[in-house]
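A.B. asks: Got a structure for you, questions after.
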Amino acid sequence: MSGIRFESVSVAYGGSTVLDRLDLTVEPGEVMALLGPSGSGKTTALRAVAGFVRPASGRVMIGGRDVTALPPYKRGIGMVVQQYALFPHLRVEENVAFGLKAQKTPRAEIPGRVAEALEMTGMAAYAKRHPRELSGGQQQRVAIARALAIRPGVLLLDEPLSALDARLRSGMLAELARLHRELPDVSMLYVTHDQVEALTLADRIAVMDRSRLQDCGTPQELYRSPRTEFTASFVGNANLLPVTVADSGAVFAGRKLQLDRGRAVPGARATLCLRPHLIGLGDAGPNTLNGTITEVQWRGSTHRLYVDVDGHRVTADLPELHETPALGDRVTLHFAPRDAVLLAAGVGDG
C-alpha cells in the first residue's frame, strides 16, 4: 500500500482553517517534501495522513484506499518525529520491536525484522544499548529503524533532523537518501522548513504558505524557474527586483535588461528573480547593474557582496576574491539573460 493522495482536504481548529483545500498526490516510491514557514499547514497535512487529525472536508487516500475515517494503527504507515520519541527504559532492539508487537506480528518473525531494520540504518551494533547511551544522530536512526521495521508503504517524517547539529544533519540526509534508493516502493512525505533538506532529498517539493499549497514541482524546477515570488524567496536565496516589462526584457532602475525567460505585456509591472550565485563582478555582457558596496561577508569558499543599486539591495555570491571590495566602493555587476526569470501574475515561465 503505497502512494498518498489529498483530495481537497481542509482542517480547521476552533473555526480557524489551518489547511485549506489541499489537492496533492505523492506517487508510489516518491519522496515529497512539504516545505514552508511555521503555520503554513505542512505539519497539519502530515498529521491528516497519519490519522491524528480528522479533516473537516475532503478525503485522504493511501494506496488507493480511503483512510480518512481509519484510526492511525490501521493505516499501514511509519512515522518519525523530531524528538525521536524513544522509550528510555527499553533497549534499542526493544524500541524497534515495539511497533511489530503492537501489530501482533508473529513472535518468531520479530527478531529478524528488528535485525533487518537495524542493519539498514547502520545501528546493528547498538541493539543492546539504551537510548541514553546514544548520540542524537544515533537515536534518530533508531527511530527510523522502528518506523521501517513494520515495512510501511508510507513513511512520514516530521522535521526529523531539526534537533541535530549541522554536521549530523548532513550525514543523516545522506542516510535518508540511501534508504530511499534501497526502498524504491515506499512513499515518503517529508515535512521541513529547511530548504537544503528539501532540495537535497525530495523528488518533488510542495511549497506551503498560509494554509495553502502555493507551488509544486521538482527541486530543479522550483529553483531555476519559480512561478511565484514566494517560491523564489523560500526555495533558495533570490534577489527580487521590481521591473517594468519591455520587449524582450524589462527595465530596472532606468536600465534595459535582456531576458530569455518569462513573458508579460509590455508596460506591466513585474518582479525579476535573480539568484545571487548567478551574478558576476565586472562589466560583461548585455546586463549590468551599477551600485555601491554596503556589506561584504567572507564565507570561506565565497564572498557575499551586498550592493545598493538605486535604493535596491542586490546580493551577489562570488568565488573567494583575492582583492575584496571595500565598503562604499562603486562596482558593476553582470548576469546573463538566461539566468533571470521574470515573474508576472498569471504568466508562466517561458
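A.B. asks: Could you check how many residues of segment 54-80 are within 24 Å of R210 (Cα to Cα) and either without any contact (Cβ under 8 Å) to a residue 24 or more places away in the chain or surrounded by fewer than 20 Cβ atoms within 10 Å (Cβ to Cβ) (or both)?
C.D. replies: Qualifying residue count, segment 54-80: 7.
A.B. asks: Restricting attention to segment 158-173, which residues are within 16 Å of the chain's Cα centre (by Cα) and not in a helix (DSSP H, G or I)?
C.D. replies: D158, E159, P160, L161, S162
A.B. asks: So, one more: Given the structure, is L281 touching a Cys at 6+ places or on another chain (Cβ under 8 Å) and surrounded by fewer than 20 Cβ atoms within 10 Å (Cβ to Cβ)?
C.D. replies: Judged against the criteria, L281 is not a match.
A.B. asks: Which residues, counting only those in segment 141-178, are among the hydroxyl-bearing types (S, T, Y) and either touching a Gly at 6+ places or on another chain (Cβ under 8 Å) or within 23 Å of G41 (Cβ to Cβ) (or both)?
C.D. replies: Passing the criteria: only S162.
A.B. asks: So D329 passes all but one of these: (1) surrounded by 13 or more Cβ atoms within 10 Å (Cβ to Cβ); (2) closer than 25 Å to P226 by Cα; (3) among the charged types (D, E, K, R). Which condition number does it fail?
C.D. replies: (2)
Condition check ((1) touching a helix residue (DSSP H, G or I) at 6+ places or on another chain (Cβ under 6 Å); (2) of a type outside the set (G, A, S)) across all residues:
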residue	(1), (2)
N239	no, yes
V243	no, yes
V265	no, yes
A270	no, no
C273	yes, yes
L281	no, yes
A284	no, no
T294	no, yes
V307	no, yes
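A.B. asks: Shifting gears a bit: Which of the numbered conditions does F98 fail, given that it passes all the others? Conditions: (1) surrounded by 14 or more Cβ atoms within 10 Å (Cβ to Cβ); (2) among the aromatic types (F, W, Y); (3) modelled with pLDDT under 90.
C.D. replies: (3)
A.B. asks: So which residues in segment 104-140 are in contact with a Gly (Cβ under 9 Å, 6 or more places away or on another chain) and farther than 29 Å from H193 by Cα, if there are any at all?
C.D. replies: Passing the criteria: only T105.
A.B. asks: Would you mind listing the strands (runs of 3 or more DSSP E) fully within segment 28-119 where at least 3 residues are out of contact with any Pro (no Cβ under 7 Å at 6 or more places or on another chain)?
C.D. replies: By residue number, 31-35, 57-62.
A.B. asks: Quick one: would you say S233 is closer than 16 Å to S40 by Cα, part of a helix (DSSP H, G or I) and free of Cβ contacts under 8 Å to residues at least 40 places away in the same chain?
C.D. replies: Answer is yes for this residue.
A.B. asks: Looking at L155, L199 in this structure, which one is outside any helix (DSSP H, G or I) and either modelled with pLDDT under 95 or crowded, with 16+ Cβ neighbours inside 10 Å (or both)?
C.D. replies: Of the residues listed, the single one that is outside any helix (DSSP H, G or I) and either modelled with pLDDT under 95 or crowded, with 16+ Cβ neighbours inside 10 Å (or both) is L155.
A.B. asks: Let me ask another. Collect the residues in segment 17-29 that are in contact (Cβ under 8 Å) with a residue 40 or more places away in the chain and closer than 12 Å to R5 by Cβ, keeping them in residue-number order.
C.D. replies: Matches in segment 17-29: L22, D23, L24, V26, E27, P28.
A.B. asks: Oh, and also: Return a yes/no flag: does segment 266-278 have any residue that is out of contact with any strand residue (DSSP E or B) (no Cβ under 8 Å at 6 or more places or on another chain) and of a type in the set (G, A, S).
C.D. replies: No, segment 266-278 contains no residue that is out of contact with any strand residue (DSSP E or B) (no Cβ under 8 Å at 6 or more places or on another chain) and of a type in the set (G, A, S).
A.B. asks: State whether one or more residues within segment 185-194 are under 23 Å from F234 (Cα atoms), assigned to a helix (DSSP H, G or I) and touching a residue at least 60 places away in the same chain (Cβ under 8 Å).
C.D. replies: No, because not a single residue in segment 185-194 is under 23 Å from F234 (Cα atoms), assigned to a helix (DSSP H, G or I) and touching a residue at least 60 places away in the same chain (Cβ under 8 Å).
The values are calculated or read from the model by the stated rules, or taken from the named source; none is laboratory data. Because the structure is a prediction, the values reported are computed rather than measured. Note that we place each Cβ from the backbone using ideal geometry, even for glycine, and neighbour counts take in every protein chain shown.
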